[in-house]
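Only one structure is covered here, and it is reproduced in the block below.
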Amino acid sequence: MQVKTDTKERFHAITVLEPALTATMTDELSDCLLPFLQNDVKNLVLKLSNTATIEVAAAEKLVQVQQRFYENGASFVICELQPGVEDFLDSLELLEIMNVTPTESEAWDIVQMEEIERELMGDE
């Protein structure tokens, strides 16, 4: 699976360069994304602007990966979904449980808010 990684101050922006996320790519998806949990900067923004289709197994894997990030105190935000992918995820009722924003800028805002929330929750 081809991706482009851009490391920012508080998150890694991963751009998937594949036109389709297929069921056969689910292990690759995990192998590509989960190692970021070992970094000092754990937050991840997944940009899917180049992805026109996604299969059910790959969509479900994204939900599982997102859950792993949150279990480990890190943010995982998906952004720049193509309309067809967004509609497909909505039809599977996965969109409502995924952390999705239209732009990378909005994803960054979510990461910042979640970091503040984790800091406040940690102080209680």
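The values are calculated or read from the model by the stated rules, or taken from the named source; none is laboratory data. No experiment lies behind these values; they were computed from the predicted model shown. All accessible areas refer to the heavy atoms of the entire protein, side chains included, with ligands and DNA or RNA removed. Shrake-Rupley method; radii C 1.70, N 1.55, O 1.52, S 1.80 Å.
In order along the range 80-96, the phi-based Karplus estimate (6.51 cos²θ - 1.76 cosθ + 1.60, θ = phi - 60°) of 3J(HN,Hα) comes to 6, 5, 5, x, x, 5, 4, 4, 5, 4, 5, 5, 7, 6, 9, 4, 5 Hz; Gly and Pro are listed as x. Between amide H atoms placed 1.01 Å from N, distances below 5 Å from Lys47 occur with Ile14, Thr15, Val16, Cys79, all of them 5 or more places distant or on a separate chain.
Legend: residues Ser105, Ser75, sorted from most to least accessible area (1.4 Å probe; ligands, DNA and RNA excluded), read Ser105, Ser75.
The amide H of Lys8, built 1.01 Å from its N in the peptide plane, has Ala13 as neighbours under 5 Å, considering only residues 5 or more places off or on other chains.
Across the chain, C-alpha contacts under 8 Å between residues 6 or more apart give a mean separation that, scaled by the residue count, equals a relative contact order of 23 percent. In this structure the amide hydrogen of Asn99, modeled in the peptide plane, comes within under 5 Å of the amide hydrogens of Ile78, none closer than 5 places in sequence on its chain. When only alpha carbons of the range 25-124 are considered, Rg and Dmax amount to 13.6, 43 Å.
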